[in-house]
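Q: There's a structure below that I have some questions on.
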Amino acid sequence: MQPQQPQQPVQVLPQEPPKPAVPESPLDLPPGALRVGLLVPMTGPQAGFGQAMIDAATLALSDVKADDVVLLPRDSGAEPQQTAAAARDLVENQAATVLLGPIYGRNVPAVAEVAAPRQVPVVAFSNDTSALRPGVHLIGLAPEVQVERVVDYAVQQGKSRFAALLPYGAYGDRLAESYRKAVSRTGAELVDIVRYSDPGSDAQDAVRRLSGGQQTPPFDSLLLAETGERLRGIASLLPYYGIDAGEAQILGTALWMDQPVGRDQNLQGAWYAAPDRGAWDGFVRRFSALFGAQPPALAGLSYDATALAAVLGRKGQLARELDNPDGFAGVNGLFRFDQKGAAEHALAIYQVTAAGGELLDPAAQRFTAGARPGEGAIRSNPLAAPTQPAASSVPPTTGAAPASGANPGSGVAPAAAATTGAPATGAASGAAPQGLTGTTPAGSVPPVR
């Protein structure tokens, strides 16, 4: 399949934001309609995030002109039993064809247990791979992909000795394991991984141990995994113990995407991996114009999952084509699901500056032909020049974007025709470790456990 020429962005600016149809029973649904269940928090402290996700899902259906798709939002609650009850209503009473959500990784197995007997696919917003079950896909941005991308880029820039300063807990465990694998795969040296339980005095002792009491650090790259005041506190300790940014390249994760990290001079010049901003910026502008607010990161996940469900589901291809190795292009850029169901996103490399994130290396334009997810298929462009992949078996969709950066108002497109746009700055969905930790900065996405 030859890449199509990018179209002009489609402006979807009605006088009033579109409202989702919420029928009370299957009898209220149009004949032959695709029923999309959306499990998001609609009550409690996270209700604002849930409403933004409903708004984004509604916008996605409008963009892909899915008049034959009915959105069925339900309150997921906070606990597994509440989420299971909502899923049971959608599957048994509303005859939902697909379930999108929940956001909490701990609640995904409860939904899978309800959906599996009726073979209803689940696309959850978490990235907690321990929640994977048959029939479940996770669209959240995984820390493993972020770590692999930033380590690859550092090695390409001549870095060869790596260290990490990571918190204890599930998120730190995943980062530590993926960091070891990424460094080993490149042939570089892993000097040390030091853990801490408290960003205060415990972190100070960890930095002291990491420096080894030497005037210059025994490593040339250092991974940090904090945000906000915790990150600034740790960064302030580094020069005090001889870890100067001029001698050790600081590495970060997509947690820094929408954070004012550059206000701290100790972090300026740091590198981190995150989704390309081109399509996301267009989504933000349109979402804000329609709904009068900036979308949180989770709204982008909701948009992409809903567009994907509509495009594939109404053609009867959802369960089969979710695992298409060519992937899809949405407001979060290029992504696909691996053989277990976890999402792999094509990421760019940014450098922290006082003015925000500055693009250093764009995200790959397409997935490497023949490579399955998890095989190191997405590297920075100098080492993995894009090759023409096998033609996607997903047919082009009317109104769907032929490029992830070209037409962010038209839903998810098959990646065989996708290219990435030039990114700017801004937040992209899936930034925080959804379904994993409570270290997410306030105002970004809700703490997901």
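Q: Express the accessible area of the range 142-268 per residue in Å², computed with a 1.4 Å probe while the remaining protein chains stay in the model.
A: Computed with neighbouring chains in place, this is 40 Å² per residue.
Q: 5 Å is the cut-off here: which amide hydrogens, built 1.01 Å from N in the peptide plane, fall below it relative to LEU38, excluding neighbours closer than 5 in sequence?
A: When sequence neighbours closer than 5 places are left aside, the close amide H contacts are LEU72, ARG74, LEU100.
Q: Give the cross-link partners of LYS159 among the aspartates and glutamates, using a straight C-alpha distance below 19 Å as the criterion and excluding same-chain residues fewer than 8 apart.
A: GLU148, GLU189, ASP192, ASP220, ASP244, GLU247, ASP361
Q: Of the heavy-atom accessible surface of the range 41-127 (probe 1.4 angstrom), what whole percent is carbon and sulfur?
A: Solvent-exposed carbon and sulfur of the range 41-127 make up 50 percent of the total.
Q: Could you report the range 303-348's accessible area per residue, 1.4 Å probe, as an integer in Å²?
A: 24 Å²
Q: Moving to a separate point now. As an exercise, use a Förster radius of 30 Å and the Cβ-Cβ distance of TYR240 and ASP173 to find the FRET efficiency, rounded to the nearest 0.05.
A: For R0 = 30 Å, the calculated efficiency reads 0.60.
Q: Further question: Shape of the range 92-247 from its Cα gyration tensor (a ≥ b ≥ c, root eigenvalues): rounded if a/c is under 1.5, otherwise prolate when a/b > b/c, or oblate?
A: On the way: a/c = 3.55, a/b = 2.27, b/c = 1.56.
Prolate, because a/c is 1.5 or more and a/b exceeds b/c.
The values are calculated or read from the model by the stated rules, or taken from the named source; none is laboratory data. Keep in mind it's a predicted model, so treat the numbers as computed, not measured. No Cβ is skipped: glycine too gets one built from the backbone with ideal geometry, and neighbour counts run over all protein chains shown. Side chains are part of the model used for accessible areas, which takes the heavy atoms of the whole protein and leaves out ligands, DNA and RNA. Shrake-Rupley method; radii C 1.70, N 1.55, O 1.52, S 1.80 Å.
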